[in-house]
Amino acid sequence: MVIDVHHHLPRDWEPYVDKLREVCADLGIDRVAVCSSGPPGQSDNDTLAKAQEANPDFLLCLGYIRLGEESPRAADRIKDLGLHGIKVIRPLDNYDADEYMPIYARAACLGLPMLFHLGIVARGPRDRFMDVSMARMRPVYLDRIARSFPELDIIGAHLGNPWYDEAGEIARMHPNVVFDLTGSTLKKKHPQFIADIFWWARDEQYGLMGDKHPFEKIVFGTDVGTDLVEDVKNDYEAFMDHVEMAQKYRDLIMGGTAAKIFGLAD
């Protein structure tokens with residue numbers, strides 16, 4: 001099973017999903033995790049629930065919580081809607097702020113994986129009103145969350161761009177944290193740069209702080225429109241070819257690890 005863990009669904013989702021299905025069928029992608037980022041033009045949780053109900057064999061929808069404005073009850077509503085996880089972005093404080101910990105505790109209790117946007121974030125006309133700061137979304141803030149809730153599955157987006165070293169060390173340390181390589185990273189960085197972030201693949205003596213091989217800490221995601229999904233998939237394959245990755249780890253990156261996170265593994 002090939003799973004794209006990071007995609008966005010527009011409000012006019014029906015024709016988009018039809019096109020996405022067509023593209024994914026051509027590329028051998030079986031399931032797509034879709035989410036809303038909150039601002040106008042993105043689907044809300046009720047819309048996501050409708051899309052998932054209409055496409056239960058294809059979509060894995062992640063509900064949106066605005067950290068700093070909502071309570072742990074928001075996680076319960078996402079669970080009640082039948083969604084598969086939670087997406088967070090643009091928090092009003094650092095991700096590991098005390099006030100957010102009860103939300104993470106509730107997500108862990110409900111078995112809802114969380115996708116954290118990390119690092120650079122698109123600029124928009126509502127930023128001044130939403131108090132947006134990329135500094136609150138550094139990978140290092142996942143450290144406290146991962147330690148506090150080891151049963152919570154955490155997906156960090158964009159390998160923490162531009163804080164790649166932080167992301168790599170968080171991946172190495174915490175078995176419950178994985179990262180996707182979406183965004184501009186695979187375009188601006190050579191595959192060897194990514195390999196160096198996951199350096200402990202080459203050094204078992206010093207590298208095994210956690211209990212997983214580094215390539216078990218990467219998941220496939222696209223975070224682009226339908227016209228660029230193939231391009232991102234090709235970039236992932238170029239990285240895997242560069243490091244001469246064994247097939248078992250390719251399979252984990254392209255869907256095996258995500259299948260475990262979303263409860264789809266046999």
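Within the stretch 101-134, how many residues are over 17 Å from the mean Cα position of the chain (by Cα), farther than 23 Å from H8 by Cβ and of a type in the set (G, A, S)?
Residues that pass the stated criteria total 1.
Where the second residue is at pLDDT below 95 and in a loop (DSSP other than H, G, I, E, B) and the first is on the phi < 0 side of the Ramachandran plot and lies in the stretch 14-29, which pairs have Cβ atoms under 7 Å and are six or more apart or on separate chains?
Y16/L9
Out of all the residues in the stretch 144-162, which are farther than 20 Å from A33 by Cα, assigned to a helix (DSSP H, G or I) and touching a helix residue (DSSP H, G or I) at 6+ places or on another chain (Cβ under 6 Å)?
I145 - this is the single residue of the stretch 144-162 that is farther than 20 Å from A33 by Cα, assigned to a helix (DSSP H, G or I) and touching a helix residue (DSSP H, G or I) at 6+ places or on another chain (Cβ under 6 Å).
Within the bounds of the stretch 243-263, is there any residue that is modelled with pLDDT of 95 or more, part of a loop (DSSP other than H, G, I, E, B) and either farther than 19 Å from A195 by Cβ or touching a strand residue (DSSP E or B) at 6+ places or on another chain (Cβ under 7 Å) (or both)?
Checking the stretch 243-263: at least one residue is modelled with pLDDT of 95 or more, part of a loop (DSSP other than H, G, I, E, B) and either farther than 19 Å from A195 by Cβ or touching a strand residue (DSSP E or B) at 6+ places or on another chain (Cβ under 7 Å) (or both).
The values are calculated or read from the model by the stated rules, or taken from the named source; none is laboratory data. Predicted model only: the values in this text are computed from it and were never measured. Methodologically, a virtual Cβ is constructed for each residue, glycine included, from the backbone with ideal geometry; neighbour enumeration extends over all protein chains shown.
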